[in-house]
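Colleague: Can you read through this structure? Questions will come right after.
Rule-based calculations on the coordinates, nothing more; no lab input. Just so you know, these numbers come straight off a predicted model, no measurement behind them. Quick reminder, even Gly has a Cβ in these numbers, built from the backbone with ideal geometry, and neighbours come from all protein chains shown.
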């Protein structure tokens, strides 16, 4: 395990956002969705490509709160620019399960 100091951790801006739209990312090499996530008035709506198709359908993602890194540089993924990284954990089969707050919090709330 590589250790980091607390100052390094503070550089990662993890925020809660609410999925406002989700659609199949047809051009992705691996099955994925294009998510639009609302992080509130300070940050706004950011786009993300998420390989979460094993456990989620697009319609069930709408309104779901997720935790995402919002201060990575944008990344070109096929025809879209991913503006944030939605976080999750691999299950025993390697499929991604979203990292979500267990209670509702305000959009844009920063992980402390």
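One line per residue, one yes/no per condition, for (1) free of Cβ contacts under 8 Å to residues at least 24 places away in the same chain; (2) within 17 Å of residue 111 (Cα to Cα); (3) touching a helix residue (DSSP H, G or I) at 6+ places or on another chain (Cβ under 6 Å):
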{"residue": "2", "(1), (2), (3)": "yes, no, no"}
{"residue": "25", "(1), (2), (3)": "no, no, no"}
{"residue": "39", "(1), (2), (3)": "no, yes, no"}
{"residue": "55", "(1), (2), (3)": "no, no, no"}
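Colleague: Sticking with this structure for a sec: Please determine whether any residue of the range 76-91 is in contact (Cβ under 8 Å) with a residue 12 or more places away in the chain, closer than 21 Å to residue 108 by Cα, surrounded by 15 or more Cβ atoms within 10 Å (Cβ to Cβ) and in contact with a helix residue (DSSP H, G or I) (Cβ under 7 Å, 6 or more places away or on another chain). Please lay out each step first, then the result.
Modeller: The first filter runs over the range 76-91 and keeps only residues in contact (Cβ under 8 Å) with a residue 12 or more places away in the chain, leaving 77-88, 91.
Now restrict to residues that are closer than 21 Å to residue 108 by Cα: 81-88.
Going one step further and asking which of them are surrounded by 15 or more Cβ atoms within 10 Å (Cβ to Cβ), we end up with 82-88.
Checking the rest, the ones that are also in contact with a helix residue (DSSP H, G or I) (Cβ under 7 Å, 6 or more places away or on another chain) come to none.
No, the range 76-91 has no match at all.
Colleague: Let me ask another. Hey, can you tell me all the residues within the range 1-29 that are surrounded by fewer than 17 Cβ atoms within 10 Å (Cβ to Cβ) and within 24 Å of residue 103 (Cβ to Cβ)?
Modeller: Quick first cut of the range 1-29, residues surrounded by fewer than 17 Cβ atoms within 10 Å (Cβ to Cβ) only: 1-13, 20-21, 23-24, 26-27, 29.
9, 10, 12, 13, 20, 21 - these are the residues of the range 1-29 that are surrounded by fewer than 17 Cβ atoms within 10 Å (Cβ to Cβ) and within 24 Å of residue 103 (Cβ to Cβ).
Colleague: Ok, one more. Among the residues of the range 46-58, what is the count of those that are under 12 Å from residue 15 (Cα atoms) and surrounded by fewer than 17 Cβ atoms within 10 Å (Cβ to Cβ)?
Modeller: Here is the first cut: in the range 46-58, the ones under 12 Å from residue 15 (Cα atoms) are 46.
Filter once more, keeping what is surrounded by fewer than 17 Cβ atoms within 10 Å (Cβ to Cβ): none.
Summing the residues that are under 12 Å from residue 15 (Cα atoms) and surrounded by fewer than 17 Cβ atoms within 10 Å (Cβ to Cβ) in the range 46-58 gives 0.
Colleague: Could you tell me which numbered condition residue 35 fails, if it satisfies all but one of (1) in contact (Cβ under 8 Å) with a residue 24 or more places away in the chain; (2) in contact with a strand residue (DSSP E or B) (Cβ under 9 Å, 6 or more places away or on another chain); (3) loosely packed, with under 13 Cβ neighbours inside 10 Å?
Modeller: It fails just one condition, (3).
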